[in-house]
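The values are calculated or read from the model by the stated rules, or taken from the named source; none is laboratory data. On a predicted model such as this, the values are computed, not experimentally measured, just so you know. All Cβ positions, even for glycine, are placed from backbone atoms using ideal geometry, and neighbour counts span all protein chains on display. Ligands, DNA and RNA are excluded from the accessible area calculation, which covers all protein heavy atoms including side chains. Shrake-Rupley method; radii C 1.70, N 1.55, O 1.52, S 1.80 Å.
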Amino acid sequence: MVAVRKTPASVETEPGSVQRADAKGGSASPSEIRAMRRFNRFYTRLVGALDEGHLESPFSLAEVRVLYELAHRERPLAREIGEALGLDAGYLSRILKRFRDAGLIDTEADANDRRQTVLSLSDRGRETFAPLYAASNAEVGRLLGDLSPAHRARLLESMAEIQRLLARQGSEPEVILRPHRPGDMGWVVQREALLYTGEYGWDDSFEAMVAEIVATFLKNFDPAREACFIAELDGVPVGAIFLIASDEAGTAKIRLLHVDAEARGHGIGRRLVAAAISFARERSYARVKLWTNDILTAARRIYQDAGFRLVEEERHHSFGKDLVGQIWELDLG
C-alpha cells in the first residue's frame, strides 16, 4: 500500500508560491471509485470484517469494537460509544442488550441526565474481552511481522496518511515538531527534489545540493549548536527546517525549510521558523541568516513577519534557471 502524496510546497524556504494542490477538484472518476472499492474489498477480507464470528469468537466485528471501547473508556455513555464508532443508535442498543443479557456489562442511568445510560464492563465482560484483545494483537503482529522493517514503516506511514486525508472536514489536525531521527534525511531530499523539479523545472543539481547539505549536517551535527525540526501532521511528516552553525562567528543559518502542499493552511511554516529562531536564541547566537530566491514570495512574508530583513540580492544562474538570490538576516540582539 503506497500513499499517494501531492508534490510538497518547499523552500530553501517556505511554501505558498505554488497554488494549493489539495483543493477539491470535482467528482471522482469511475476508475478512481473502482480502485477504492477494490481496496475496500481487499482490506475487509484481510481483517475478516465479514466473518460471522470475528477472531473465531461468537461476536461480530462491530460487537468486538464495542467491547474494546468499553474496556478502554472510564464509564462512558452509550451515546459516546455510538459516536466513536459511528453506529446507528438502534443497532448499538441491540448489541448492548445482548451484552447485558449475557452479563458482560453493567448499566446505570447518568446522574446528570437520566435519559443517558452509563456503561461499564462487568468482571465477566473483562474476562471475555481479554483473550479477544490478545488474539487481535497477535493477528496484527503476524501481519506486520511478515514485512521487513522498511516495509512496516512504509505501511504505517501510508495508513496514517490515508487516515489524515479521509478524516472528516472540520476536525482539527494535530501538529507537532520533533527532532530528526533515522530516515528523515532521505525524506527531506526526496520532498525538496519533487517540488523544485515538478513545479519550477529545476535540474538535478538542486537535488545534489540538498543531498550535500543533509549529508554534511549528519556528519558534523553538533546538538549543542544545531538542530533539525520535523513537522508532523496527524503523525505524518509534512515539513522540516534546519538550523546550522555558520563559519561566521555568532551566526546560524536556516536551511531547507519545506512544508508539503497538503499541509498548508495550518501555520506549520511559521511554527518551524519560530522553532529555529527560538533554538538560536537559546544557544546565544547573535544573528540568523538564510538564503532563498525571490520567486518564493510566501517565504519572504514569513521571514519579514519574523523580523528578518533583506540585506543582499544577486542574479545568478543555478539549477538550470536564471534566478534572483536573496540573503535575509535577523539580528537577535
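Identify which of the listed values of mean projected area of the Cα convex hull in nm² was calculated from the structure shown: (1) 22.9; (2) 18.2; (3) 17.0.
Only one option fits the structure, namely (1).
Arranged from highest to lowest average of other beta-carbon atoms within 10 Å per residue, in what order do the peptides 235-241, 109-115, 67-73, 274-280 appear?
Numbers: 235-241: 24.6, 109-115: 9.4, 67-73: 17.0, 274-280: 18.9.
Ranking the peptides 235-241, 109-115, 67-73, 274-280 by packing returns 235-241, 274-280, 67-73, 109-115.
Can you tell me which of K321, K219, K289 moves the most in a GNM of the chain? Springs connect C-alpha atoms under 10 Å apart.
Comparing K321, K219, K289 in a Gaussian network model of the chain, the most mobile one is K219.
Taking the Cα atoms only, what angle lies between the long axis of helix 61-71 and the longest principal axis of the chain, rounded to 10 degrees?
So the helix axis and the longest Cα principal axis differ by about 80 degrees.
Taking the Cα of A286, stepping 7 Å toward and past its beta carbon, and measuring to each backbone N in segment 227-269: which are under 17 Å?
245-253
Rounded to the nearest 0.05, what FRET efficiency do N112 and A62 have when you use their Cβ-Cβ distance and R0 = 25 Å? Provide the component values of the computation, followed by the final result.
Working: r = 28 Å, r/R0 = 1.13.
The value I calculate is 0.35.
Lys pairs in the chain, Cα-Cα under 25 Å, at least 8 apart or on separate chains: how many?
For the chain, qualifying lysine pairs total 7.
As an exercise, take the mean of 1/r over every pair of distinct alpha carbons in segment 226-333, invert it, and state the Kirkwood radius in angstroms.
14.5
When averaged across all projection directions, what area in nm² does the alpha-carbon convex hull of segment 270-333 cover?
Averaged projected area of segment 270-333's Cα convex hull equals 4.6 nm².
In debye to the nearest 20, how big a dipole does segment 56-178 give about its Cα centre with +1 on each Lys and Arg Cβ and -1 on each Asp and Glu Cβ?
Computed charge dipole of segment 56-178: roughly 100 debye.
Return one number: the angle in degrees, 0 to 90 and rounded to the nearest 10, between the long axis of the Cα atoms of helix 268-282 and the longest principal axis of the Cα atoms of the chain.
Approximately 60 degrees, to the nearest ten.
Once the whole set of protein chains is in place, how much accessible area is left on I105, using a 1.4 Å probe, in Å² to the nearest 10?
Around 10 Å² of this residue is reachable by solvent.
For the chain, what is the mean residue ellipticity at 222 nm derived from helices alone (per DSSP H run of n ≥ 4: -39500 (n - 2.57); sum divided by total residues; nearest 500 deg cm²/dmol)?
Numbers: 10 runs with 148 residues, N = 333.
Helix contribution divided over all residues of the chain: -14500 deg cm²/dmol.
At a probe size of 1.4 Å, how large is the accessible area of F42, to the nearest 10 Å²?
Taking all protein chains as shown, F42 has close to 100 Å².
Could you give the angle, 0 to 90 degrees to the nearest 10, between helix 123-145's Cα long axis and the longest principal axis of the Cα atoms of the chain?
Helix 123-145 sits at roughly 40 degrees to that axis.
Say a paramagnetic label sat at a point 7 Å from the Cα of R75, along Cα to Cβ; which residues of segment 83-109 have their backbone N under 17 Å from it?
105-109
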